[in-house]
Amino acid sequence: MADPWRPLPPMRYAGREGPRFVFAAAPGGPERVVLTVVEEDVVRVQVQPHGRARLGRTWAVVGRAGDVGPEGRDREDLTPFACPEPAFDADGERLRLRTARLTLEVVLAPFALRWALPDGTPLFEDHPELGYRVATAGGRGLRHTLRRDPQARVFGLGEASGPLDRRHRRYRLRPGDALGYDAERCDPLYKHLPIVHTLTPAGHASGLLYDTGAETVFDLGSEIDHYLGPYRYAELRASEIDLYAMIGPALPDLVRRVQDLTGFAPLPPRWSLGYLGSTMRYTDAEDPTAELAGFVRDLREHRIGCSGFHLSSGYSMGDDGLRYVFAWNRRRVPDPAGMVAPLREAGIRTLANVKPALLTTHPEHAELAAAGAFVRAADDDPSRLPGGAYRARFWGGDAGVLDFTSPGAYGWWREHVRERILGVGIDATWNDNNEFRVEDDAAGCAAGVAGDLRPTLTLLMNHASRAAQREAHPDRRDFQVTRSGGLGTQRYAQTWSGDNLTSWHTLAYNLPMGLSLSLCGWASHGHDVGGFAGPPPDAELLTRWVEAGIGQPRFSIHSWNDDGTATEPWTHPEALPAIRRLMALRTALVPYLATLMWDAAHDGTPLTRPLVLAFQDWRPGWRESFVHLLGDALLVAPVLEPGATTRRAPLPPGRWLELGSGRVFEGDAEAELEAPLGRPVWLLREGHALPLAEVPVEAEETVPAWLAGGVGVAPPPIRWLCFPDAEGRAMGRLVWEDGVSRAHERGAVDLLRLEVGREGGAERASLRARRADSGCGAGAHQALLPGGDARLPWFASAWRSLAVER
């Protein structure tokens, strides 16, 4: 059988085109490779089998521009990058590029690249025989193959299933609707994040980011060949490779660099950090208004707070049982504003579910088809819809899929979000079912073929939803949620791990899915607490899932249970007291979460951090998938099996205070930690101070004013849990602003710093404001140190108070 792949021919150095180093096929063929040093630690590699770039624009890589309009960015526009001048020398069949951060050796025949640190320490290299190969049939398909060090660790690929270390697995990035997936083994899932980080046995990190929306397979050691040695590859169903090689050598530098390239998340409104209610059942009901009013009554009866609620798509479900985006069912919901009124009156913000496909029976389908707003079927596709649109299967019928690269579709969506969602008093959009499952790569979009653009369509759906919010409320902070996404989508939306299955197994393996999103630059994420699909969780599983969920950036209980019930905090009366305490702890944690969100938005530091990211030099952390840090201060070790009363967990170097008991552990060892049901296993890191809001366990109001946010709203009283180091020092930060507007972009923010230390043999705690111009004031502060008689409602540990000086 003929080999389906052909190698690149021997290459020759063809000279410079500005900052670009161009290599052309030595026999005179069309193939080209272009190398561009875009930053001191980032080199762009373009492999063009046809001699030129065929996809002219990118929406993913934005560089220092930070964002793009709906038209995207010309891929050859290098103005968003520094493009420093590298040192360059040639020696026969080898050339070298050098910057202050890297050395790149180019081997011309067979063409291969070798990457190293400036001192020559090797990082990674292309396989000398298999490096770059092109599919021999079909015109689309390339493989990039690297040598694989069996001892190196491999991370990335976003929410892909399984443990954090991706070695020995094959993954396929082609977003789909993976309802009830196995979080350890299922593939593909919902997102397209072609980012791979490698950590060498010596502890040096590097990364590859492929700027592609094409279906991509990453084989990270599943395939082996005795004669070729260990290798790994990325196989792109694309006409070219456009990748960015990033040199750490610190893993946090790579996470930051991913966001330097693809953009940073916005600062979310503070209410998004509380409990976000959700279920399919309420809006699917015959009387959604009554169901939502009942939810508010239940919150008050059970004294549980809730700051946001997701309105599932049932509000747009016709009497035929099908979903019609933006088309309210006026029989079941005669007054859309009235439907959300019970939530608004309770201070609960709302997000409406919207979907990017229109059934052929949708009242506006014909109009959009005539305007060319749908993805077009390929010329040889006999199943095309009347008018030429691609025929998609969608929620029980045939549908047209919106082509968001078309100005008509983009504008229609933005207008309908503004008028039919925001215009009736809903606050934000929940962009769902947006994997754009167009099965034919040749289907047409205004900007190219669907095979290159599926994640771009998802990104632009979120882009258009954000544009609607900014038009409707120019000074209000925008916020939205998306199920799917690709490179750059983090600029617009929070995400979650999709429609998970209710099980202990999912509870466990959702954790590395989220941590991997952190490593790929998507800091704002979470999981459906309690499980979405399958049977309702029992009391123990729900309680343990809430314990884990309150330590995630996004905390939402969402369900579509097999028996038609909704999973709610009060589902199991016997578990309600513990769950109420846990949800109050989540509210107390909001000042800390808000500070971490500020850091994520400004320097790309994720909230949830795998141990390998926080302690790169500590080898035991490299293999840990189920214990993580929340910020710098907290180590979180969720309980992942039924019947457990203790939790064994690896503790990184340093001393750690078990908040549940008050015990202190020396790190660089495993510890047996207390884990009674209803008490999260959290440890406070020495030298740190954790800001917690002083809140009642039984919520006195659905949404406290400080959580809702507003100009001039002071923070709640803050209790700082302090664990001084051996010298008696501890430090913590609190970032506070109005929580709802964009005034922070104009400097209206307080940056507070608590410092604990010893002076003249006496302990002192002082609060310093580096800048205080948010108009909110500093509020009341209390420092708590281990020991004494004071107790917190969530832990058995004892504390003593230390006055805070201003």
Kindly check whether there is at least one residue in the range 406-428 that is at pLDDT below 95, more than 16 Å from residue 364 (Cβ to Cβ), in contact with a Leu (Cβ under 9 Å, 6 or more places away or on another chain) and not hydroxyl-bearing (Ser, Thr, Tyr).
no
Of the residues that sit in the range 213-238 and are under 15 Å from residue 165 (Cβ atoms) and assigned to a loop (DSSP other than H, G, I, E, B), which one is nearest to the chain's Cα centre (by Cα)?
220
Only unsatisfied item for residue 787, checking (1) exposed (fewer than 14 other Cβ atoms within 10 Å of the Cβ); (2) assigned to a loop (DSSP other than H, G, I, E, B), is (2)
Open to solvent by 30 Å² or more (accessible area, probe 1.4 Å) and part of a strand (DSSP E or B): is that true of residue 670 in this structure?
yes
Name the one entry in 508, 533, 472 that is under 21 Å from residue 269 (Cα atoms) and among the aliphatic types (A, V, I, L, M).
472
Would you be able to tell me the number of residues in the range 688-701 that are surrounded by 21 or more Cβ atoms within 10 Å (Cβ to Cβ) and at pLDDT below 95?
1
Quick one: in the range 555-591, which of the residues that are open to solvent by 10 Å² or more (accessible area, probe 1.4 Å) and basic (Lys, Arg) is farthest from residue 610 (Cα to Cα)?
580
Residues (open to solvent by 60 Å² or more (accessible area, probe 1.4 Å) and at pLDDT below 95) located in the range 343-383
379, 380, 382
Pairs please, first residue from the range 224-236 and within 16 Å of residue 168 (Cα to Cα), second anywhere and of a type in the set (Lys, Arg) and open to solvent by 50 Å² or more (accessible area, probe 1.4 Å), Cβ atoms under 8 Å, 6+ apart in sequence or on different chains.
229/147; 230/147; 231/147
Which one is surrounded by the most Cβ atoms within 10 Å (Cβ to Cβ), of the residues in the range 500-549 that are of a type in the set (Ser, Thr, Tyr) and farther than 27 Å from residue 196 by Cα?
502
Yes or no: the range 400-420 includes at least one residue that is part of a loop (DSSP other than H, G, I, E, B) and farther than 21 Å from residue 455 by Cβ.
no
Residue check, residue 544 at pLDDT 95 or above and touching a strand residue (DSSP E or B) at 6+ places or on another chain (Cβ under 8 Å):
no
Which condition does residue 784 not pass, out of (1) closer than 30 Å to residue 264 by Cβ; (2) among the hydrophobic types (A, V, I, L, M, F, W, C); (3) at pLDDT 95 or above, if it passes all the others?
(1)
Selection within the range 281-307 - in a loop (DSSP other than H, G, I, E, B) and among the charged types (D, E, K, R)
286, 287, 303
Quick test of your reading of the structure: residue 332 fulfils all but one of (1) open to solvent by 30 Å² or more (accessible area, probe 1.4 Å); (2) of a type outside the set (Asp, Glu); (3) over 31 Å from the mean Cα position of the chain (by Cα); (4) at negative phi. Name the failing condition by number.
(1)
Are there strands (runs of 3 or more DSSP E) fully within the range 718-764 with at least 1 residues that are open to solvent by less than 50 Å² (accessible area, probe 1.4 Å) and free of Cβ contacts under 8 Å to residues at least 24 places away in the same chain? List them.
750-759
Working only within the range 52-66, note down all residues that are surrounded by fewer than 18 Cβ atoms within 10 Å (Cβ to Cβ) and either on the phi > 0 side of the Ramachandran plot or in contact with a Leu (Cβ under 7 Å, 6 or more places away or on another chain) (or both).
66
Can residue 187 be described as part of a strand (DSSP E or B) and of a type in the set (D, E, K, R)?
no
Answer with yes or no whether residue 779 is touching a Lys or Arg at 6+ places or on another chain (Cβ under 6 Å) and either assigned to a strand (DSSP E or B) or open to solvent by less than 40 Å² (accessible area, probe 1.4 Å) (or both).
no
Aromatic (Phe, Trp, Tyr), closer than 29 Å to residue 298 by Cα, modelled with pLDDT of 95 or more and not in a strand (DSSP E or B) - does that describe any residue in the range 625-637?
no
Checking the conditions here, which among 125, 71 is open to solvent by 20 Å² or more (accessible area, probe 1.4 Å), closer than 15 Å to residue 208 by Cα and without any contact (Cβ under 8 Å) to a residue 60 or more places away in the chain?
125
Turns out the strands (runs of 3 or more DSSP E) fully within the range 449-558 with at least 1 residues that are among the acidic types (Asp, Glu), in contact (Cβ under 8 Å) with a residue 24 or more places away in the chain and closer than 18 Å to residue 312 by Cα are 525-529
Say whether the condition of being among the small types (Gly, Ala, Ser) and more than 30 Å from residue 242 (Cα to Cα) is met by at least one residue in the range 471-479.
yes
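The values are calculated or read from the model by the stated rules, or taken from the named source; none is laboratory data. Bear in mind that the values here come from a model prediction, so they are computed numbers and not experimental data. Cβ: placed from backbone, ideal geometry, glycine included. Neighbour counts: every protein chain shown. Side chains included, ligands, DNA and RNA excluded: accessible areas come from the protein's heavy atoms. Shrake-Rupley method; radii C 1.70, N 1.55, O 1.52, S 1.80 Å.
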